[in-house]
Amino acid sequence: MSVTHLAKQPLTNLPHYEERVDLAAAFRWTARLNMHEAVANHFSLAVDDTGTRFLMNPNQVHFSRIRASDLLIIDGKDPETMKRPDAPDPTAWGLHGAIHRNVPHARCVMHVHSIHATVLALLADSILPPVDQNSAMFFGRQVVDEHYGGLAFEEEGERCSKLLSDPKTQVMVMGNHGILVIGNSVAEAFNRMYYFERAAETYIKGLWTGKPLRRLSDEVAAKVADEMDDYPGQADRHLAELKAILDEQEPAYRN
């Protein structure tokens, strides 16, 4: 029996096992892409109908080492959360707890300080314009937080969560900070985070040339964004392929 086959045997006593595996894979691949930030940044995934109970990475563990069994189950409505012996990072609780309490359509939340998206967040105009197919995916689906107020403890997290009230919003460019991406699943959120960083890199490098950029029309950009939202199975296949590679190269993420 192969190692890969053994790695896929579910740990039946672990609640939300498949969701944990997806999230662990996203952490590991984010580290491979160098989109992590030392032992900071956080991903979370709602596991109940209301969205207030969620999985999240443990405090100060490197993304490249996270396993399915490491993930915490957090109750966003539990005021005693930070008194737990395995309490999450306080900024993770502040930001992700507020979003899962206040934004039920944000099933999966991913926050990173990836280089090019963060450079975008430093610009006076932090909207990613539709200058290519990847950036057009996000046309009309971004919001910019222009009022950074320090580390995302509870008050700051509550403020940020209000910017995600429109279900059409998929990405929050956190001015002077980084980005936050939401989705209906790990696959959807990771796919968006990946493509937003790629699009931001293309845009930033385009600006480096100092030459005028060719911007798509609003009509074409809106069409592309709608088409990408409806593209069948792309996000799921993306994550499935990454898991297949991890199954071959570092199957311990499933443990």
Task: Which numbered condition Thr169 fails, given (1) over 21 Å from Ala225 (Cα atoms); (2) in a loop (DSSP other than H, G, I, E, B); (3) among the hydroxyl-bearing types (Ser, Thr, Tyr) - done: (1)
TODO: Would you mind telling me which numbered condition in (1) of a type outside the set (Asp, Glu); (2) assigned to a helix (DSSP H, G or I); (3) free of Cβ contacts under 8 Å to residues at least 60 places away in the same chain Asn134 fails?
DONE: (3)
Open item on the list: Given the options Phe63, Phe43, name the one that is in contact (Cβ under 8 Å) with a residue 12 or more places away in the chain and out of contact with any Phe, Trp or Tyr (no Cβ under 6 Å at 6 or more places or on another chain).
Closed with: Phe43
Open item on the list: If I ask for residues that are surrounded by 13 or more Cβ atoms within 10 Å (Cβ to Cβ) and without any contact (Cβ under 8 Å) to a residue 24 or more places away in the chain, which ones from region 241-251 would you list?
Closed with: Ile245
Open item on the list: Can you tell me which condition Tyr194 does not meet? The list is (1) at pLDDT below 95; (2) within 28 Å of His16 (Cβ to Cβ), and all the others hold.
Closed with: (1)
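One line per residue, one yes/no per condition, for (1) at pLDDT 95 or above; (2) touching a Pro at 6+ places or on another chain (Cβ under 8 Å); (3) exposed (fewer than 13 other Cβ atoms within 10 Å of the Cβ):
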| position | (1), (2), (3) |
| --- | --- |
| Asn184 | yes, no, no |
| Thr202 | yes, no, no |
| Gly210 | yes, no, yes |
| Arg215 | yes, yes, no |
| Glu219 | yes, no, yes |
| Asp236 | yes, no, no |
| Tyr253 | yes, no, no |
Open item on the list: Quick check on my filter: what residues within region 43-60 are closer than 14 Å to Asn102 by Cβ and among the hydrophobic types (A, V, I, L, M, F, W, C)?
Closed with: Ala46, Phe54
TODO: From His105, His147, His111, His100, grab the single residue that is in a helix (DSSP H, G or I) and either under 16 Å from the mean Cα position of the chain (by Cα) or closer than 30 Å to Ala222 by Cα (or both).
DONE: His100
Task: Residues that are hydrophobic (A, V, I, L, M, F, W, C) and over 30 Å from Glu18 (Cβ atoms), drawn from region 203-255 - done: Ile204, Leu207, Trp208, Leu213, Leu216, Val220, Ala221, Ala222, Val224
Open item on the list: Checking Val112 against (1) touching a Gly at 6+ places or on another chain (Cβ under 9 Å); (2) surrounded by fewer than 22 Cβ atoms within 10 Å (Cβ to Cβ); (3) closer than 20 Å to Val21 by Cα: exactly one of these is not met. Which one?
Closed with: (2)
- [ ] Tally the residues that are of a type in the set (Gly, Ala, Ser), farther than 18 Å from Met56 by Cβ and either in contact with a Ser or Thr (Cβ under 9 Å, 6 or more places away or on another chain) or free of Cβ contacts under 8 Å to residues at least 24 places away in the same chain (or both), restricting the search to region 152-187.
- [x] 1
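The values are calculated or read from the model by the stated rules, or taken from the named source; none is laboratory data. Remember, it's a predicted structure, so these values are computed and weren't measured experimentally. Note that we place each Cβ from the backbone using ideal geometry, even for glycine, and neighbour counts take in every protein chain shown.
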